1. Only one residue in 108, 87, 76 is more than 15 Å from residue 51 (Cβ to Cβ), touching a residue at least 24 places away in the same chain (Cβ under 8 Å) and exposed (fewer than 15 other Cβ atoms within 10 Å of the Cβ), so which one is that?
2. Quick check on residue 131: is it modelled with pLDDT under 95 and out of contact with any helix residue (DSSP H, G or I) (no Cβ under 8 Å at 6 or more places or on another chain)?
3. Just the residues that are touching a residue at least 40 places away in the same chain (Cβ under 8 Å), over 14 Å from the mean Cα position of the chain (by Cα) and surrounded by fewer than 17 Cβ atoms within 10 Å (Cβ to Cβ), please, taken from the range 12-68.
4. Is it true that some residue in the range 117-131 is farther than 23 Å from residue 145 by Cα, free of Cβ contacts under 8 Å to residues at least 40 places away in the same chain, over 15 Å from the mean Cα position of the chain (by Cα) and exposed (fewer than 14 other Cβ atoms within 10 Å of the Cβ)?
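The values are calculated or read from the model by the stated rules, or taken from the named source; none is laboratory data. This structure is a prediction, so every number in the text was calculated from the model and none was measured. Please note: Cβ atoms are built from the backbone with ideal geometry, for glycine as well, and neighbour counts cover all protein chains shown.
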């Protein structure tokens, strides 16, 4: 809810109307073909791979032909890819900000099984090396997509 409040403050500050709504990715609160661009960064993978497939169908539903979606997924190259309680292949319950949350990790080409009704405009597999706040060296692995609804 805090993010919604911050977005409303941003709208007011810059005189914008962004049509921001709180909702559930599994049931996007917009009409069919009513959103021209969807941006999902570091969010869609906090559910099972089966649920992710359903979310991609919802994204397809709300995008018009030619609509775009930016979606990223963590890959098996991420330092957390096999940490926590294994739920299924590539799915782990992990602690995040004091809560136990499901995270799904993917082989680099694996998300493409969801994209039959999309054209992949852009794909980038990224591996970043860095450090956590506590000084431990880590590797982040992601695959980013820009998709166009066919």
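1. Matching residue, one of 108, 87, 76: 76.
2. yes
3. Within the range 12-68, 64, 65, 66 qualify.
4. yes
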